[in-house]
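Below is one structure, written out as structure tokens; the observations come after it.
Derivation of every value follows stated rules applied to the coordinates shown; laboratory data play no part. Keep in mind it's a predicted model, so treat the numbers as computed, not measured. FYI the Cβ positions are ideal-geometry reconstructions off the backbone, even for glycines, and counts take in every protein chain you see.
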Amino acid sequence: DWVKSKKKIQIKAGNKDVPYVSTNDIVTSWFFSSIKAEFGFMAIDMREKIPLFKPGLAGNYENTLVYLPEDFKNPELIRRSIKLLKRAGVPITQLPVFPGMWRGRAGLITNWASFYEDVEFPNCNQIVHFPIYDARVIPDTMALGVIFRPKPGELAFLTLSQPSMTASMLDSDATHDFKIS
């Protein structure tokens with residue numbers, strides 16, 4: 001499938017700085033590129049990325065990595081940025097001041113797959129599970145992407161965006177064979 005082919009390309013490249021790319025890296029690079037984002041925002045769980053934040057620690061330890069197009073042009077840059085906890089594009093570019101970020105086309109991605117747990121109710125059989133999000137709060141210039149598990153052993157991608165952004169995703173190479181697992 002599409003994700004496996006992208007991973008094989010990365011392995012053949014043999015980049016010693018980035019020994020692997022994850023499904024998250026591939027989908028994030030594709031998502032921001034396909035919507036032609038001027039800015040990309042990735043919510044990341046800080047557990048185990050900073051020694052102080054252990055897996056069992058109660059609380060919500062997250063941050064957002066901000067990307068410009070040079071930072072998300074390939075999955076290796078996404079992987080490197082997660083490792084460094086900062087943008088990894090070369091040359092290093094200056095982020096605009098805060099209000100300027102909201103004037104351009106943007107993407108926000110989050111990965112909920114690792115948080116999946118079966119929901120079991122007596123006398124019920126779960127068919128599929130989807131994230132719920134109020135699309136009315138998403139600005140017209142932003143697309144939201146969520147990587148999630150609809151059921152055990154499967155990954156899926158949900159997007160909420162304006163029709164023009166959705167159309168550009170559907171025109172990209174990934175959606176011709178977009179079964180993640």
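Given a Förster radius of 22 Å and the C-beta distance between Asp171 and Ser5 as r, what FRET efficiency does 1/(1 + (r/R0)^6) yield to the nearest 0.05?
On the way: r = 18 Å, r/R0 = 0.84.
Efficiency for this residue pair is about 0.75.
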**Request:** Report, by chain and number, residues whose modeled amide H sits under 5 Å from the one on Met46, excluding near sequence neighbours (fewer than 5 apart, same chain).
**Result:** Tyr61, Glu62, Asn63
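Would you mind checking the pairs Lys49/Lys83; Lys4/Lys49; Lys49/Lys86; Lys6/Lys73 and listing those with alpha carbons more than 18 angstrom apart?
Numbers: Lys49/Lys83 8 Å; Lys4/Lys49 26 Å; Lys49/Lys86 12 Å; Lys6/Lys73 13 Å.
Over 18 Å Cα-Cα: Lys4/Lys49.
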**Item:** Added length on full extension, which subtracts the Cα-Cα distance from 0.36 nm per residue, Cys124 to Ala58
**Value:** 20.7 nm
**Request:** Measure out, as a whole number of angstrom, how far apart the alpha-carbon centroids of segment 83-159 and segment 1-46 sit.
**Result:** 14 Å
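Taking neighbour Cβ counts within 10 Å as the exposure measure, how do Trp30, Trp102 sort from fewest upward?
Working: Trp30 25, Trp102 12.
Neighbour counts put them in this order, fewest first: Trp102, Trp30.
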**Prompt:** Can you list the equivalent-ellipsoid semi-axes of the chain, largest first and in whole Å, using the square root of 5 times each Cα gyration tensor eigenvalue?
**Reply:** 25, 21, 19
**Request:** Grab the other residues whose beta carbon is less than 14 angstrom from that of Tyr116, score K and R as +1, D and E as -1, and report the net.
**Result:** -3
**Request:** Pop out the ³J(HN,Hα) list for segment 119-131 in order, Karplus 6.51 cos²θ - 1.76 cosθ + 1.60 with θ = phi - 60°, rounded to Hz; leave Gly and Pro as x.
**Result:** 9, 10, 10, x, 6, 10, 10, 5, 9, 7, 10, 10, x
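With 10 angstrom as the radius, rank Ser168, Ser81, Ser33 by how many other C-beta atoms surround their C-beta, starting from the fewest. List each step's numbers first, then the result.
Values: Ser168 16, Ser81 22, Ser33 19.
Ascending number of Cβ neighbours within 10 Å: Ser168, Ser33, Ser81.
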**Item:** Projected label distance in nm at Glu48 and Lys86, using a 7 Å step from Cα toward the beta-carbon
**Value:** 2.5 nm
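Ranked highest first by average number of other Cβ atoms within 10 Å, how do 155-163, 70-78 line up?
Numbers: 155-163: 16.8, 70-78: 22.2.
So the order, starting with the most tightly packed, is 70-78, 155-163.
Only bridges whose two residues both fall in segment 2-177 count here: according to DSSP, what percent of them are antiparallel, nearest 5? The partial results should precede the final answer.
Working: 11 of 22 bridges.
Within segment 2-177, antiparallel bridges account for around 50 percent of the total.
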**Request:** For every other residue with a beta carbon closer than 15 angstrom to the beta carbon of Pro152, add +1 if it is Lys or Arg and -1 if Asp or Glu, then tell me the sum.
**Result:** -2
